[in-house]
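Only one structure is covered here, and it is reproduced in the block below.
Just so it is clear, none of the values below were taken in a lab; they were calculated from the coordinates. Everything quoted here is computed from the prediction, not taken from an experiment.
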Amino acid sequence: MLVPRETPLSEIHLENLLGLARLGAIVLPAMPGFYQCPKTLEDLVAHLTGKILDRLGVEHAGVRWEGTQEPPPERGTA
């Protein structure tokens, strides 16, 4: 899993991320989600951390991501 945080992403970054995704890597950009109405910076960090842990299938007691309940199947494994 890659969690890129730097922006703006250049064409080289995007090509490399696409190449890695095509090889099976998970690309989960560190973009804060404001739809959950965070009150503090810690809320933003907890939300991103929850998204990462959920996508990895790691149990945690932190913030749950209310996106897809099950991660999508990896390419070529459906």
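Given their separation in residues at 0.36 nm each and the Cα-Cα distance between them, Ile26 and Thr7 gain 5.0 nm when the chain is fully extended. Between the amide H of Leu2 and those of Ile26, Val27, Leu28, distances stay under 5 Å, these residues lying 5 or more places away or on another chain, with hydrogens modeled in the peptide plane.
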